[in-house]
Amino acid sequence: MYETKYMFKYLIGIVAIQIATVGLVMLAPEDLQGITWLRLLIPLLVVALFSAFWFSSLAKHKSKDDLSSLQEQHAREREKLQVNAERAKTRMMKKTQQEIAKEAKLTHGKANFKVGATLAGAMGFGALMLMTEMMTLGIMTITTAGGTLGGYLYRGYKERKRTALLNGTIGNTLTEERKVLPKVVNKKIT
């Protein structure tokens, strides 16, 4: 459809040139000798010049239309690529966050066992001190171990809350991820 429009425009121009040429030849005198050829040749050159300008104009418009459609197509492709890149980036960030959370959970599990064993040992030592009638040292040891346990439990509570927040927000929108991600990345895991 697009090419046939220009084909008909060129066809109309060619037919118009032929009609003008036939008309000028038929109007010319029968005895064309010497300078009288110029009476036929000059109008034919003018018709050829105008048709050349007309065809040139048609070609320019066609090239501009082609360029415009190509630019629109490239703009659509560029936008599609940007959207796909943003989606891939979001998926990669989500996958990375899940891997970080998995590694952190594994590390915390190992640390929890060590801290639990240490706290149990401290409580046992405090109980031993109480049984051997070293009240002050036993109470201080049990109090310290209890405070440490309380702090560790509070830290675990905060960690679960942060994990729930991450699981609830990642994937919703990119702006929310950008707000939450720096908080998670900048927080040091001890």
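The values are calculated or read from the model by the stated rules, or taken from the named source; none is laboratory data. No experiment lies behind these values; they were computed from the predicted model shown. Every residue, glycine among them, receives a Cβ derived from its backbone with ideal geometry; neighbour counts consider all protein chains shown.
Each residue in region 113-165 was checked for being of a type in the set (A, V, I, L, M, F, W, C) and in contact with a Leu (Cβ under 8 Å, 6 or more places away or on another chain), and 6 pass. The single residue among 39, 76 that is of a type in the set (D, E, K, R) and at pLDDT below 90 turns out to be 39.
One line per residue, one yes/no per condition, for (1) out of contact with any helix residue (DSSP H, G or I) (no Cβ under 9 Å at 6 or more places or on another chain); (2) not aliphatic (A, V, I, L, M):
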{"site": "55", "(1), (2)": "no, yes"}
{"site": "65", "(1), (2)": "no, yes"}
{"site": "70", "(1), (2)": "yes, no"}
{"site": "78", "(1), (2)": "yes, yes"}
{"site": "83", "(1), (2)": "yes, no"}
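Have a look at 96, 90 and point out the one that is β-branched (Val, Ile, Thr) and either in contact (Cβ under 8 Å) with a residue 40 or more places away in the chain or touching a Lys or Arg at 6+ places or on another chain (Cβ under 8 Å) (or both).
When all the criteria are applied, what remains is 90.
Only residues that are surrounded by 10 or more Cβ atoms within 10 Å (Cβ to Cβ) and assigned to a loop (DSSP other than H, G, I, E, B) were counted in region 1-47, giving 2. Kindly indicate whether any position in region 157-171 is of a type in the set (Asp, Glu), under 24 Å from residue 94 (Cβ atoms) and modelled with pLDDT of 75 or more. Yes - at least one qualifying residue is present in region 157-171.
Among residues of region 23-51 that are polar (S, T, N, Q), those with a Cβ under 6 angstrom from a residue that is at pLDDT 80 or above, sequence gap 6+ or separate chain, pair up as 51/13; 51/17.
Matching residues to (1) in contact with a strand residue (DSSP E or B) (Cβ under 9 Å, 6 or more places away or on another chain); (2) surrounded by 12 or more Cβ atoms within 10 Å (Cβ to Cβ); (3) over 30 Å from residue 9 (Cα atoms):
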position: 49; (1), (2), (3): no, no, no
position: 54; (1), (2), (3): no, yes, no
position: 63; (1), (2), (3): no, no, no
position: 71; (1), (2), (3): no, no, no
position: 89; (1), (2), (3): no, yes, yes
position: 93; (1), (2), (3): no, yes, yes
position: 97; (1), (2), (3): no, yes, yes
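Within region 77-86, the presence of a residue that is surrounded by 11 or more Cβ atoms within 10 Å (Cβ to Cβ) and without any contact (Cβ under 8 Å) to a residue 40 or more places away in the chain is excluded.
Would region 107-130 turn up any residue that is in contact (Cβ under 8 Å) with a residue 24 or more places away in the chain, loosely packed, with under 12 Cβ neighbours inside 10 Å and in a helix (DSSP H, G or I)? Yes; the residues of region 107-130 include at least one that is in contact (Cβ under 8 Å) with a residue 24 or more places away in the chain, loosely packed, with under 12 Cβ neighbours inside 10 Å and in a helix (DSSP H, G or I).
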